[in-house]
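Peer 1: Right, I'll just put the structure down here and ask away after.
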Amino acid sequence: MTHSRLSRRGVVALAAVGLAGCTSSEDRNDDGGTNGGNTDDTNGSESDANGADERDSTDRDIEANWDEAAPFRTWLLDTDANRRFDYTEEFPADADPASGFPDVFGVSDGAIDAHLIQTGTHVFFGSFDSESIVDGVEAADEYDSAGQYEGYALLTQTLPDGQPQDIAIGSDVIVVGNDYERRIDAHRGERDRLEETDPEFTHLFRELPHETTVSGQYGSPTGANVDIDELHLWGVSSEFPTAETMTWVFVFEREEDLTGTALEELEGISSGVEDSSIDGRTATVVGAPPDIPEEVP
């Protein structure tokens, strides 16, 4: 799965993923499957510690208005590699995002309102009974209660490969990922969020017209007929994952690199461009999703 494919079809798959599908070793480190094609991401902070992916700093003076920002943005971290994230709150009519959760969790149909994945960590938004979930897994050999963290009930799951997987359960959020502490802290405003580390992401969110289905990352969208070294980051949004019109926003490091020729290359991400424009070092492309053959998994 390439990043371009995720814009249309991959988010649909992600939206339908439940706990059984998001806690495998494949999800933590693969080349473009369940985790949305995060080819350079891992589920940890090694890149942070090693100072990987150094980028030119930008001087945009902008701050997020957290009172008005979409709630999922408070869960985004400045993690590793390309900081890839994919979010949707619009699920296909035939998809039940709760269906992948084990029966012992007791997560009912319609309990999940939205889904975010970043760096292999899944965040499910909805209505959950954390006490019932903990009680339900007490008899399951692969789960162990691990106390609480800031009001979230903690479980540890032993994956088929023998690796531990942390799960934090709150009344409105389930976090599946071993970086749950950092994400909860960021959500509570006690750790820097992605936008506080790089305000260009705040600019990106302001330029994207939708909050219901959104993806973004550093660098070029791999496999999408776009490969420009001068790109700082990009994102795409739509009303729902299978929408016929999408909006891509590309933010360059320097304004002089965003030329007419560069815009023509950016237009290659869409199978049918309706509009494109340049504003300073930001380019916007509006059009049909990438033309992906149906037989491609």
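Peer 1: Among the residues of region 104-128 satisfying the criterion of being without any contact (Cβ under 8 Å) to a residue 24 or more places away in the chain and out of contact with any strand residue (DSSP E or B) (no Cβ under 6 Å at 6 or more places or on another chain), which is farthest from residue 215 (Cα to Cα)?
Peer 2: Per the stated criteria, the residue is 108.
Peer 1: Another question, if that's okay. Across region 62-105, what is the total count of residues that are over 29 Å from residue 201 (Cβ atoms) and touching an Asp or Glu at 6+ places or on another chain (Cβ under 7 Å)?
Peer 2: Result for region 62-105: 2.
Peer 1: Kindly indicate whether any position in region 245-252 is open to solvent by 70 Å² or more (accessible area, probe 1.4 Å), in a loop (DSSP other than H, G, I, E, B) and touching a residue at least 24 places away in the same chain (Cβ under 8 Å).
Peer 2: Scanning region 245-252 turns up no residue that is open to solvent by 70 Å² or more (accessible area, probe 1.4 Å), in a loop (DSSP other than H, G, I, E, B) and touching a residue at least 24 places away in the same chain (Cβ under 8 Å).
Peer 1: Every residue in region 71-89 that is open to solvent by less than 10 Å² (accessible area, probe 1.4 Å), of a type in the set (A, V, I, L, M) and either closer than 14 Å to residue 233 by Cβ or over 12 Å from the mean Cα position of the chain (by Cα) (or both), please.
Peer 2: 76
Peer 1: Against the conditions (1) crowded, with 21+ Cβ neighbours inside 10 Å; (2) touching a residue at least 60 places away in the same chain (Cβ under 8 Å); (3) more than 17 Å from the chain's Cα centre (by Cα), where does residue 225 fall short? Just the number, please.
Peer 2: With respect to (1) crowded, with 21+ Cβ neighbours inside 10 Å; (2) touching a residue at least 60 places away in the same chain (Cβ under 8 Å); (3) more than 17 Å from the chain's Cα centre (by Cα), residue 225 is out only on (1).
Peer 1: On the basis of being within 28 Å of residue 98 (Cα to Cα), part of a strand (DSSP E or B) and open to solvent by 70 Å² or more (accessible area, probe 1.4 Å), does residue 166 make the cut?
Peer 2: No: the conditions fail for residue 166.
Peer 1: So if I check each of 91, 125, 105, which one is modelled with pLDDT under 85 and either of a type outside the set (Gly, Ala, Ser) or in contact with a Lys or Arg (Cβ under 9 Å, 6 or more places away or on another chain) (or both)?
Peer 2: 91
The values are calculated or read from the model by the stated rules, or taken from the named source; none is laboratory data. Everything numeric in this text was worked out from a predicted model, so none of it was measured. We place every Cβ from the backbone using ideal geometry, glycine too, and count neighbours over all the protein chains shown. Surface accessibility is based on the protein's heavy atoms, side chains included, excluding ligands, DNA and RNA. Shrake-Rupley method; radii C 1.70, N 1.55, O 1.52, S 1.80 Å.
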